[in-house]
Amino acid sequence: MYKRIITHADFDGLISAAICSHNFGIHFLIFTQPRLVAEAKISITKDDIVCDLPYPLECGMWFDHHDGNLEELEYRKIEAAKIPGRFEIRDSCARVVYDYFLDQNIRMPDYFADAVAEADIIDAFNYKDIDDWRTETPGKIIEATIKVKEASAEQKWQYLRNLVRHFDSRPIDEIAKMVSVRKRYHLYREEEQRMIEQIKNEISFLPQDVDHKIIIIDLTHH
């Protein structure tokens, strides 16, 4: 049986892993980036479930939704339909994983649907306007905390593993209110504000650009 879940270290990968962890009872989680999988920098075997990442040299199951990864399979003359798991062009990998288990008539907690709906919007950047993008939601709060710089990579991975464990037992709005999440979200907003102020201070325009249509941001001296 499968022993590990290897997933993208972003919000979509987090929700994908949470659903797989719940349904397969797997708690050995590895979070990584697509480039490391594409370059075979991570050992992946047929004991592993891979989510939201390029198809590796081998794996037990593969779930993904990126058309670029499908093109890579076609180049390698591999048929996505023959790979255990599921590939579909959807707004999120979480949606692919969620629908896969629904099609297997596997009952899941109702609150998974809310988390998947947030993953659809966040991963596809499917916002109506800037105000919609900037409006806080539980998913965007958690997604922001993933971007916070940690003292070490292991601290970040442990935080993500804890989030997966929480998704197994509680809805996303409750997780977004947890002390550990709110603390990291506060750090993210502070870091974001510093970045915004830095950009404001470094904005300039060409003399001939009287209408200020082209913004120049020079951060080379930082």
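The values are calculated or read from the model by the stated rules, or taken from the named source; none is laboratory data. As the structure is a prediction and not an experimental result, all values here were calculated from the model. Cβ: placed from backbone, ideal geometry, glycine included. Neighbour counts: every protein chain shown.
A compact table of results
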item	result
Pair list, Cβ < 6 Å and 6+ apart or interchain, from the range 131-150 residues that are free of Cβ contacts under 8 Å to residues at least 12 places away in the same chain to residues that are part of a helix (DSSP H, G or I)	Glu150/Lys156
Any hit, the range 19-27, residues being free of Cβ contacts under 8 Å to residues at least 60 places away in the same chain, polar (S, T, N, Q), outside any strand (DSSP E or B) and closer than 22 Å to Gln155 by Cβ	no
Elements of type helices (runs of 4 or more DSSP H) in the range 57-147, at least 1 residues being within 24 Å of Met195 (Cα to Cα) and either at pLDDT 95 or above or not acidic (Asp, Glu) (or both)	112-124, 130-134, 138-146
Pair list, Cβ < 7 Å and 6+ apart or interchain, from the range 87-103 residues that are in contact (Cβ under 8 Å) with a residue 40 or more places away in the chain and closer than 16 Å to His22 by Cβ to residues that are crowded, with 21+ Cβ neighbours inside 10 Å and β-branched (Val, Ile, Thr)	Ala94/Ile15; Ala94/Ile19; Ala94/Val116; Val97/Ile19; Tyr98/Ile19; Tyr98/Val116; Phe101/Ile19
So Ser169, is it of a type in the set (S, T, N, Q), part of a loop (DSSP other than H, G, I, E, B) and under 18 Å from Gly139 (Cβ atoms)	yes
Checklist (1) surrounded by 14 or more Cβ atoms within 10 Å (Cβ to Cβ); (2) in a helix (DSSP H, G or I) applied to Gln155, failing item	(1)
